[in-house]
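First up is the structure itself, then whatever we jot down about it.
The values are calculated or read from the model by the stated rules, or taken from the named source; none is laboratory data. Predicted, not measured: the structure shown is a model, and the values here were computed from it. Because the Cβ atoms are built from the backbone with ideal geometry, glycine has one as well, and the counts that use them run over all protein chains shown.
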């Protein structure tokens, strides 16, 4: 089973970059049938080799078939309206992404009015509109827009960010800058999702009443992945220092929430506790916007809960592998084109393979407040994501490790106090003052760490682009070292 899943995942990755076509996929499947014939006639000691060959060929052909059936090579139905000024109607499918000077809306267009004709469509675009009036999930809009094809852009030092592939993974081929929108109706879309987003917006408003900016925006990022008011300058500091993951609701934040939900439900009967815990985690992932890192973390936590409930032993690596399999089966474009997904998987792999080894090296560090675990986990995650960050972004931060250690140690307490502050803020800002003040102090500390780290001379450098072969070489060295240590 493990061999099948690994081969399937590799096939998804391979097929996302190289178009093999239906004929090649059929040839692989036929070859697997030929090996099956030899399997039955082979000697007993050679049968295992043929079996592995059959499994790999079948899984590789199925993986490529999934890519072939997916959206990698799909064309857009909006092609005929490209670069035309048109009128359209559509529904907002996600919580609006509010930036400093504009709002980005993910809209599913339903109708396009081109002159005297009306065309029925069903495709997502990103419409960029002014900050006001404000819109929300489920609003049906009338739009005046000009569709522009998504293009890749340079990220510096010769690196090209595959923006086309990234949005293709979300089913988006076009953006519409400088769009004009007007409201037709509200309360469309999914009932649960709509109410969760309304709850999220009410909660952030409650936080803003108690905690000033930019601390309240930082807290919204830590709790819910909202970055709307942090500003470009501060976000760039987070990127340079290497702590931007704390404001995009990474797997670490989801894990903290998951553990909190589980701990708070221990008094319930096991089956009710399991169902309530899983439901709570799923709803929180949706509430946060269901980023790929959040979905990955939430899926892994749910799988672990189910296995533990039925007293089944589990290896975290196998849980991660099955989670990857499930996610790329649903959306094969994640593996090749979503940087957040890859960083999340790499960081988790670091926790699984490297953290147990490093933890033994830090026996001199106290286990109080989970300090030893925080240090070994942070270093492991940093090491595992570093080669990919150097390749994709090119920023080598020398202050990332100490900054992460100084911040992550306080994230669970910040999340707990921030959550209490938001809840009490619904009742009264006076009642929320004490936890709000404590939360503000913690957030102030985290911003201080970021600002000081960003001012360190040569705290980060930019590395020129290099071949992806070097990335594979670096990960080969890391896994070789882990293998040597694990077997020494």
Open item on the list: For the range 401-412, check the following and say yes or no: at least one residue is free of Cβ contacts under 8 Å to residues at least 12 places away in the same chain and not in a loop (DSSP other than H, G, I, E, B).
Closed with: no
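Taking into account only those residues within the range 432-488 that are in a helix (DSSP H, G or I) and touching a strand residue (DSSP E or B) at 6+ places or on another chain (Cβ under 9 Å), which is nearest to residue 360 (Cα to Cα)?
Within the range 432-488, the match that is nearest to residue 360 (Cα to Cα) is 453.
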TODO: Working carefully through the options 60, 38, find the one that is outside the structural domain of residue 233 (by TED's automatic domain parsing), modelled with pLDDT of 80 or more, surrounded by 12 or more Cβ atoms within 10 Å (Cβ to Cβ) and not in a strand (DSSP E or B).
DONE: 60
Task: Check on residue 16, in contact with a helix residue (DSSP H, G or I) (Cβ under 9 Å, 6 or more places away or on another chain), in contact (Cβ under 8 Å) with a residue 60 or more places away in the chain and either assigned by TED's automatic domain parsing to the domain that holds residue 112 or surrounded by 19 or more Cβ atoms within 10 Å (Cβ to Cβ) (or both) - done: yes
TODO: Taking residue 358 as the residue in question, decide whether it is part of a helix (DSSP H, G or I) and either surrounded by fewer than 18 Cβ atoms within 10 Å (Cβ to Cβ) or without any contact (Cβ under 8 Å) to a residue 24 or more places away in the chain (or both).
DONE: yes
- [ ] From the list 459, 425, pick out the single residue that is under 27 Å from residue 235 (Cβ atoms) and surrounded by fewer than 19 Cβ atoms within 10 Å (Cβ to Cβ).
- [x] 459
Open item on the list: If the requirement is being surrounded by 16 or more Cβ atoms within 10 Å (Cβ to Cβ), outside the structural domain of residue 233 (by TED's automatic domain parsing) and either touching a strand residue (DSSP E or B) at 6+ places or on another chain (Cβ under 9 Å) or in a helix (DSSP H, G or I) (or both), which of these qualifies: 23, 32?
Closed with: 32
TODO: For the range 165-193, enumerate the residues that are crowded, with 17+ Cβ neighbours inside 10 Å and not in a loop (DSSP other than H, G, I, E, B).
DONE: 165, 166, 167, 168, 172, 173, 174, 175, 176, 181, 193
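In the range 115-132, what residues are surrounded by 14 or more Cβ atoms within 10 Å (Cβ to Cβ) and farther than 18 Å from residue 149 by Cα? It would help to see each step written out before you state the result.
Narrowing the range 115-132 to residues surrounded by 14 or more Cβ atoms within 10 Å (Cβ to Cβ): 119, 121, 123-129.
If the condition is that a residue be surrounded by 14 or more Cβ atoms within 10 Å (Cβ to Cβ) and farther than 18 Å from residue 149 by Cα, then 119 is the only one that fits.
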- [ ] Look at residue 383 and say whether it is part of a helix (DSSP H, G or I), surrounded by fewer than 16 Cβ atoms within 10 Å (Cβ to Cβ) and modelled with pLDDT of 90 or more.
- [x] no
Task: All positions within the range 364-375 that are touching a helix residue (DSSP H, G or I) at 6+ places or on another chain (Cβ under 8 Å) and either surrounded by fewer than 12 Cβ atoms within 10 Å (Cβ to Cβ) or under 18 Å from residue 485 (Cβ atoms) (or both) - done: 366, 367, 372, 375
